[in-house]
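Notes follow once the structure below has been shown.
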Amino acid sequence: MASFCSCNNEDHSHKTVGEASPKAADTAVYFYLRPQLEKEYGYTHAVQIGDDLKISGAVSMDDAGVIVAPGNMEQQMKNCYSDLEKILQHYGYSFDDVVAENVYTTDMEEFIRVSGFRHSIYKKQFPTGTWLEVKGLAVKGQLIEIDMEAHRSK
């Protein structure tokens, strides 16, 4: 079993991947992909309320916070989508449920060059979204960050 955990904000109980999460429409269910790093940086990677899921920006880093694939936009992008998929699957979602995606990159030209990979991610329909070129991201060496929102239809 993976070392991911989620936290119920009301009672701070933790659950590992594969366990059922509370389904009350008004209960926020939090998820930590890298619990130690997220606590140090002061954020939660994802939160689900009812059928809506909000995922914070994913970047290409390991559990120690070290950039993976420095200088390689395509591999960093693939690593972002890999982390995003883990979070979606934790809550029982897939990329088909993603309704909004925002991409932040330090090199838009290079991102556009490798963005064709997204066709293997979004097989049914692309989500809404925004692509922004930024001067820098949180950690030097990060080239891309992707956040998203998903909704499960009833």
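A short reminder: the numbers here are calculations on the coordinates, not readings from a lab. None of these values were measured; they are calculated from a predicted model. Note that each Cβ is placed from the backbone with ideal geometry, even for glycine, and that neighbours are counted across all protein chains shown.
Laid out as a table, the results:
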{"read-out": "Qualifying trypsin sites (Lys or Arg not before Pro) in region 38-80, DSSP loop, other Cβ atoms within 10 Å at most 11", "value": "none"}
{"read-out": "Potential extension, residue 125-residue 89 segment - 0.36 nm per residue separation minus Cα distance", "value": "11.1 nm"}
{"read-out": "Contour excess over end-to-end distance, with Cα ends at residue 113 and residue 100 and 0.36 nm allotted per residue", "value": "2.6 nm"}
{"read-out": "Karplus (6.51, -1.76, 1.60) ³J(HN,Hα), θ = phi - 60°, over region 49-55, in Hz, Gly and Pro reported as x", "value": "10, x, 9, 9, 10, 10, 10"}
{"read-out": "Full-extension gain in nm, residue 68 to residue 151, via 0.36 nm per residue minus C-alpha separation", "value": "26.9 nm"}
